[in-house]
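The structure appears right after this line, and notes come after that.
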Amino acid sequence: MQVAKRIALLETSGVGKTTVGRELAKRLECFFVEVDAFQHRANWARATPGELAAAIRTQLAAQERWVIDGICEREVGDFVSSQADLIVWSGC
């Protein structure tokens, strides 16, 4: 069985994407990208779409194997989904 190298988690807010993503990345021994780490700035100010897109592109480009807790389609178009080997959607 082939293991996916690039996994994107697609779920609604608050259902555990980050928790699942961290654990999955740990078990697969790959890089984890937490979208909220780039999305939220001091005092809960949101990053601009351009800032978020740049951060995500930089993080993913530097890694061969990754798990990301979102696809951020609004900010980066199909950049994440087109590179993912597997997209996990819970449907919650």
Next on the checklist: Against the condition modelled with pLDDT of 90 or more, in contact with a helix residue (DSSP H, G or I) (Cβ under 9 Å, 6 or more places away or on another chain), in a strand (DSSP E or B) and open to solvent by less than 50 Å² (accessible area, probe 1.4 Å), how does Val67 come out, does it pass?
Outcome noted: yes
Checklist outcome for this item: Subset of segment 51-61, residues open to solvent by 40 Å² or more (accessible area, probe 1.4 Å) and either in contact with an Asp or Glu (Cβ under 7 Å, 6 or more places away or on another chain) or in contact (Cβ under 8 Å) with a residue 24 or more places away in the chain (or both), comes to Gln59
Item to check | Among the candidates Val80, Val20, residue that is at pLDDT 90 or above, open to solvent by 70 Å² or more (accessible area, probe 1.4 Å) and in a helix (DSSP H, G or I) | outcome: Val20
Checklist outcome for this item: Scanning segment 26-56 for residues that are aliphatic (A, V, I, L, M), out of contact with any Lys or Arg (no Cβ under 9 Å at 6 or more places or on another chain) and in a helix (DSSP H, G or I) gives Ala37, Ala42, Ala53, Ala54, Ala55, Ile56
Checklist entry - Does segment 3-17 contain any residue that is free of Cβ contacts under 8 Å to residues at least 60 places away in the same chain and over 16 Å from Ser90 (Cβ atoms)? => result yes
Checklist entry - Given the structure, is Gln59 assigned to a loop (DSSP other than H, G, I, E, B) and either among the charged types (D, E, K, R) or over 15 Å from Leu86 (Cβ atoms) (or both)? => result no
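The values are calculated or read from the model by the stated rules, or taken from the named source; none is laboratory data. All values reported here derive from a predicted model rather than from experimental measurement. Every residue, glycine as well, gets a Cβ built from its backbone with ideal geometry; the counts of neighbours run over all protein chains shown. All accessible areas refer to the heavy atoms of the entire protein, side chains included, with ligands and DNA or RNA removed. Shrake-Rupley method; radii C 1.70, N 1.55, O 1.52, S 1.80 Å.
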